[in-house]
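**Student:** First the structure, then my questions, so here it is.
The values are calculated or read from the model by the stated rules, or taken from the named source; none is laboratory data. Everything numeric here is computed off the predicted structure, so don't read it as measured data. We place every Cβ from the backbone using ideal geometry, glycine too, and count neighbours over all the protein chains shown.
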Amino acid sequence: MRDEKAKILENTLIAADTFRMVLQSSLCEDLKAGQFVNLLVPGFTLRRPISVSSFDKEAEEYTLLYKVLGEGTKKMSEMKAGDTVQVIGPLGNGFPIETAESVLLIGGGAGTGPLVQLAKELKEAGCRKIRVVLGFPTKADIYGVEEFSALGIRTHISTDDGTYGFHGNAVELIRAEGLTAEMAYTCGPKRMMQAVEGLFDRGYISLDIRMACGMGACMGCVVKDKADPDKYYRVCKEGPVFRIGQVDY
Ligand SMILES: Cc1cc2nc3c(=O)[nH]c(=O)nc-3n(C[C@H](O)[C@H](O)[C@H](O)COP(=O)(O)OP(=O)(O)OC[C@H]3O[C@@H](n4cnc5c(N)ncnc54)[C@H](O)[C@@H]3O)c2cc1C
Ligand code: FES
């Protein structure tokens, strides 16, 4: 884990209130798919955790895809290429890359980002059938399709209001289209991931819950083990990735 200044190479609007920020710094060399970084946004004491969507270790470049929700992410969206930002990372455990013939990646809104590097690594690991399902509130919110198609992976899109793709949510799309796979990886809203856990026995979820220190020190992000009520995990340290069925959240 490093605490360093990263150079902002790009920070562009890619969908409604959604930005792609490309950073360059040396922590990139230690990154694994599904890990996150903590950004120090000027004017805020608590850092903002954002998943790394993809990275290029040779160029020391890593990409964050983020949605403007409040003041911190708004300030992030105003940063310009050429500026620097203080970043701690890599943080969290990341996604285990497992061998499977077929895998379904299911992202909801801001949960889309971390699935990009995961898809790339699953492909490199020899997974032959990778399909991606992404759910968004409306057409203007859609992003990520280009990133997956650049990897030659088909994306199924749902929108809650039916303005694009399947009318409904990502889990309803999976059911309606009869999509099956040996295992699933999912990141997105809690209710979506809980529904995915109802459909798949094998796979991983990536939790996005409010964090304070982001480094395992404050116990502000604990979740309980499902089987053992005395066992707790810090989402920022032992997570954010957990096995399907492992935790209560
Ligand atoms: C491990 C991890 C990875 C993340 N990765 C991404 C990512 O790749 N892309 C992305 O867009 N966002 C991601 N987030 C969420 C992101 O950290 C928050 O959106 C951001 O911190 C909000 O800061 P803010 O100052 O703009 O909003 P605040 O002013 O802090 O909050 C604005 C509103 O957003 C809600 N909120 C704040 N934090 C979260 C959160 N973590 N989850 C749900 N609601 C929240 C608040 O309750 C409030 O309603 C991630 C969070 C975690 C914990
Ligand atoms: S946010 Fe402090 S321990 Fe996880």
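**Student:** Working only within region 213-234, note down all residues that are more than 12 Å from Gln246 (Cβ to Cβ), near ligand 2 (Cβ under 10 Å from one of its atoms) and not small (Gly, Ala, Ser).
**Tutor:** Cys213, Met215, Cys218, Met219, Cys221, Val222, Arg234
**Student:** Restricting to region 47-63, name every residue that is more than 6 Å from ligand 1 (Cβ to nearest atom) and either aliphatic (A, V, I, L, M) or assigned to a loop (DSSP other than H, G, I, E, B) (or both).
**Tutor:** Within region 47-63, Arg47, Val52, Ser53, Lys57, Glu58, Ala59, Glu60 qualify.
**Student:** Of the residues that make up region 103-121, is at least one part of a strand (DSSP E or B), over 22 Å from His167 (Cα atoms), under 18 Å from the mean Cα position of the chain (by Cα) and outside the structural domain of Phe242 (by TED's automatic domain parsing)?
**Tutor:** Scanning region 103-121, I find at least one residue that is part of a strand (DSSP E or B), over 22 Å from His167 (Cα atoms), under 18 Å from the mean Cα position of the chain (by Cα) and outside the structural domain of Phe242 (by TED's automatic domain parsing), so the answer is yes.
**Student:** Filter region 193-217 down to the residues that are among the aliphatic types (A, V, I, L, M) and within 19 Å of Phe36 (Cβ to Cβ) and list them by number.
**Tutor:** Met193, Ile205, Leu207, Ile209, Met211, Ala212, Met215, Ala217
**Student:** Cβ-Cβ below 7 Å, separation at least six or inter-chain, first residue in region 25-46 and assigned to a helix (DSSP H, G or I) and polar (S, T, N, Q), second at pLDDT 95 or above and away from ligand 2 (no atom under 14 Å from the Cβ): which pairs?
**Tutor:** What qualifies is Ser26/Arg2; Ser26/Glu4; Ser26/Glu60.
**Student:** Also: Just checking, which of Arg128, Arg202 is away from ligand 2 (no atom under 16 Å from the Cβ) and modelled with pLDDT under 95?
**Tutor:** Only one candidate qualifies: Arg128.
**Student:** Return the pair list, or none, for Cβ contacts closer than 7 Å from residues in region 75-101 that are assigned to a loop (DSSP other than H, G, I, E, B) to residues that are surrounded by fewer than 17 Cβ atoms within 10 Å (Cβ to Cβ) and among the polar types (S, T, N, Q), at least 6 apart or on different chains.
**Tutor:** That search, which allows pairs on different chains as well, returns nothing.
**Student:** Given Glu61, Glu98, which one is among the charged types (D, E, K, R) and either buried (at least 19 other Cβ atoms within 10 Å of the Cβ) or touching a helix residue (DSSP H, G or I) at 6+ places or on another chain (Cβ under 8 Å) (or both)?
**Tutor:** Glu61 is the lone residue from the list that is among the charged types (D, E, K, R) and either buried (at least 19 other Cβ atoms within 10 Å of the Cβ) or touching a helix residue (DSSP H, G or I) at 6+ places or on another chain (Cβ under 8 Å) (or both).
**Student:** From the list Thr186, Thr159, Thr163, exactly one residue is assigned by TED's automatic domain parsing to the domain that holds Val145 and within 16 Å of ligand 1 (Cβ to nearest atom). Which is it?
**Tutor:** After ruling out the rest, the residue left standing is Thr186.
**Student:** Let me ask something additional. Can you tell me which condition Arg191 does not meet? The list is (1) modelled with pLDDT of 95 or more; (2) within 16 Å of ligand 1 (Cβ to nearest atom); (3) surrounded by 14 or more Cβ atoms within 10 Å (Cβ to Cβ), and all the others hold.
**Tutor:** (3)
**Student:** How many of the residues making up region 26-56 are more than 16 Å from the chain's Cα centre (by Cα) and either of a type in the set (Asp, Glu) or on the phi < 0 side of the Ramachandran plot (or both)?
**Tutor:** Qualifying residue count, region 26-56: 13.
**Student:** State whether one or more residues within region 65-81 are hydrophobic (A, V, I, L, M, F, W, C) and either crowded, with 23+ Cβ neighbours inside 10 Å or at pLDDT below 95 (or both).
**Tutor:** For region 65-81, residues hydrophobic (A, V, I, L, M, F, W, C) and either crowded, with 23+ Cβ neighbours inside 10 Å or at pLDDT below 95 (or both): present.
**Student:** State the number of residues belonging to region 233-245 that are in a loop (DSSP other than H, G, I, E, B), more than 15 Å from ligand 1 (Cβ to nearest atom) and in contact with a strand residue (DSSP E or B) (Cβ under 7 Å, 6 or more places away or on another chain).
**Tutor:** Selection size over region 233-245: 1.
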